[in-house]
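Trainee: Sharing a structure below in structure tokens format, with a few things to ask.
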Amino acid sequence: MKRFALIALLAVPLPVFAQEQAAEVIDGVAAIVNTEVITISQVRDLVGARERALAEVYSGQELQDKVKEMRLAALKDLIDRQLILQEFRALQEKGANIPDYVIDDRVQTIIREEFGGDRGAFVRTLAAQGYTLTKFKEIEKEKIVVQAMRQSKVDNNFIVSPTRIQAYYNKNKMAYAIPAQVKLRMIVIRNEADSDIPGTGSKKELASEIRQKITEGAEFARMAQMYSEDEGTQEVGGDWGWIETNTLNEKLTQVAFSLRPGEVSPVVEIGSTFYVLMVEAKKSAAVKPMADVRDEIEQNLIQQERLKVQNRWLDTLREKAYIKIFS
């Protein structure tokens with residue numbers, strides 16, 4: 001029978017980050033898994049960066065609730081990890097093992113891909129973070145063990161029926177929707193105070209003259225390079241590429257999506273800025289056909305089945321374990 005005692009859901013009062021910064025904070029026990037302890041600092045190490053991100057968005061009770069939820073989820077992940085490691089140690093008594101060269105290969109890959117092959121920089125980074133190379137190898141070995149144990153419980157020969165793939169596609173068609181798009185070029189003429197282009201006459205007149213030249217045969221891209229004051233697109237001839245309905249403000253969007261391919265808009269005035277738009281091509285809203293997403297759906301469904309199998313296995317480990325979560 002499952003022995004699981006939930007004492008409290010990590011009811012840590014805020015401000016959390018002030019507590020973490022206090023020098024006198026003493027570590028405590030977050031959970032016991034059989035005979036092994038998971039500490040509060042392990043939980044905080046796992047979620048610290050995400051908690052700081054939450055604090056930039058939420059405050060007060062809502063922040064406390066979000067932090068509590070995140071810490072509880074992290075603690076449950078650590079509990080599952082500990083159960084897997086304990087299961088592996090039981091298998092070691094029967095001869096299971098992760099060879100040292102596997103760990104060494106992992107470390108060499110990290111040095112090569114994340115430190116450009118500079119072993120000295122890698123070691124200095126470890127030292128700055130309070131780790132020895134031996135300790136780092138132990139951590140990496142545990143990651144490899146957990147991954148290998150999870151994968152060992154999953155059959156790689158899952159077969160998903162065409163009927164199930166079709167049903168998933170029908171139910172989730174909106175996930176494969178392609179919004180309407182236009183390929184846009186745009187010239188921006190700002191008011192005199194903000195303008196970088198010297199000259200006389202009103203800016204609206206200038207915009208009208210530019211539009212007139214384009215309608216008479218001048219190349220839009222060349223006009224944009226000469227006159228547009230949009231620093232991001234001036235050099236590329238006012239090219240915005242393919243845009244969707246949420247790219248520009250409402251007025252410009254209405255104008256852009258009302259144009260036919262090759263059509264130049266009237267001068268659009270917004271505040272003291274003037275715009276001339278041209279649509280080069282259009283794509284109507286559509287849904288990706290089944291043939292284009294079949295493989296993606298199949299892989300999603302296979303992954304779902306793998307997770308189900310892993311979770312059933314973890315459930316058996318939890319059922320036979322003594323797990324106690326503390327406040």
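Here, each number is a calculation from the coordinates, and none is a lab measurement. Just so it is clear, the structure is predicted and the values come from calculations on it, not from any experiment. Quick reminder, even Gly has a Cβ in these numbers, built from the backbone with ideal geometry, and neighbours come from all protein chains shown.
Trainee: Classify segment 44-165: rounded, prolate or oblate, from the alpha-carbon gyration tensor (a ≥ b ≥ c, eigenvalue square roots; a/c under 1.5 rounded; otherwise prolate if a/b is larger than b/c)?
Mentor: Oblate is the answer for segment 44-165, as a/c is 1.5 or above yet b/c matches or exceeds a/b.
Trainee: Taking the dipole about the Cα centre of the chain, with the C-beta of Lys and Arg at +1 and of Asp and Glu at -1, give me whichever of G95, I325, Q82 is farthest to the positive side.
Mentor: My answer, from the dipole projection, is G95.
Trainee: Along the charge dipole of segment 180-284, Cβ charges K/R +1 and D/E -1, which of F274, T233, F220 sits furthest on the positive end?
Mentor: The one lying farthest along the dipole's positive direction is F220.
Trainee: Among residues other than S284 whose Cβ falls under 14 Å from its Cβ, what is the net charge (Lys/Arg +1, Asp/Glu -1)?
Mentor: Net local charge, S284 excluded: +4.
Trainee: Among (1) 40; (2) 59; (3) 20, find the value of percent of Cα pairs over 33 Å apart that was calculated from the structure presented, and write down its label.
Mentor: Label of the calculated value: (2).
Trainee: Please list, or write none, the aspartates and glutamates whose alpha carbon is within less than 13 Å of the alpha carbon of K288, excluding same-chain residues fewer than 8 places away.
Mentor: The reachable aspartates and glutamates, counting only those whose Cα sits under 13 Å from K288, are E296.
Trainee: Using +1 at the C-beta of Lys and Arg and -1 at the C-beta of Asp and Glu, which of V188, L314, A121 has the Cα lying farthest in the positive direction of the dipole of the chain?
Mentor: L314
Trainee: Let me ask something else. Arrange F88, F220 by Cβ neighbour counts within 10 Å, fewest through most, would you?
Mentor: F88, F220
Trainee: What does the charge dipole of the chain about its Cα centre add up to, to the nearest 20 debye, if the Cβ of each Lys and Arg holds +1 and the Cβ of each Asp and Glu holds -1?
Mentor: 1540
Trainee: Same structure, new question: I want the local charge near I79. Using Cβ-Cβ distances under 11 Å, sum +1 for each Lys or Arg and -1 for each Asp or Glu among the other residues.
Mentor: Neighbourhood net charge equals +1.
Trainee: May I ask you to derive the relative contact order of the chain, considering only C-alpha pairs under 8 Å and at least 6 residues apart, and to give it as an integer percent?
Mentor: 28
Trainee: A further question follows. Identify all lysines with a Cα-Cα distance to K204 below 22 Å; exclude those on the same chain that are fewer than 8 residues away in sequence.
Mentor: K213, K251
Trainee: Once you place label points 7 Å from the Cα toward the Cβ at Q299 and K94, how far apart are they in nm?
Mentor: 3.4
Trainee: For Y101, Y169, Y275, what ranking results if the residue with the fewest other Cβ atoms within 10 Å of its Cβ goes first?
Mentor: Y101, Y169, Y275
Trainee: Which pairs break 32 Å Cα to Cα here: K68/K173; K66/K94; K143/K320; K94/K308?
Mentor: Listed pairs above 32 Å: K68/K173; K66/K94.
Trainee: I would also like to ask the following. Does anything in segment 300-321 have its amide N under 19 Å from the 7 Å Cα→Cβ label point of T163, and if so which residues?
Mentor: 301-302, 305
Trainee: Per the Kirkwood formula on distinct C-alpha pairs, the Rh of segment 180-284 is how many angstrom?
Mentor: 13.6
Trainee: With Cβ to Cβ distances under 14 Å as the rule, what net charge do the other residues near E209 carry (K, R +1; D, E -1)?
Mentor: +2
Trainee: Label-point separation (nm) for A128 and V29, each offset 7 Å from Cα along Cα-to-Cβ?
Mentor: 3.7
Trainee: So what's the back-of-envelope 222 nm ellipticity for the chain, counting only DSSP H runs of four-plus at -39500 (n - 2.57) apiece and dividing by all residues, rounded to 500?
Mentor: Rounded to the nearest 500, it is -17000 deg cm²/dmol.
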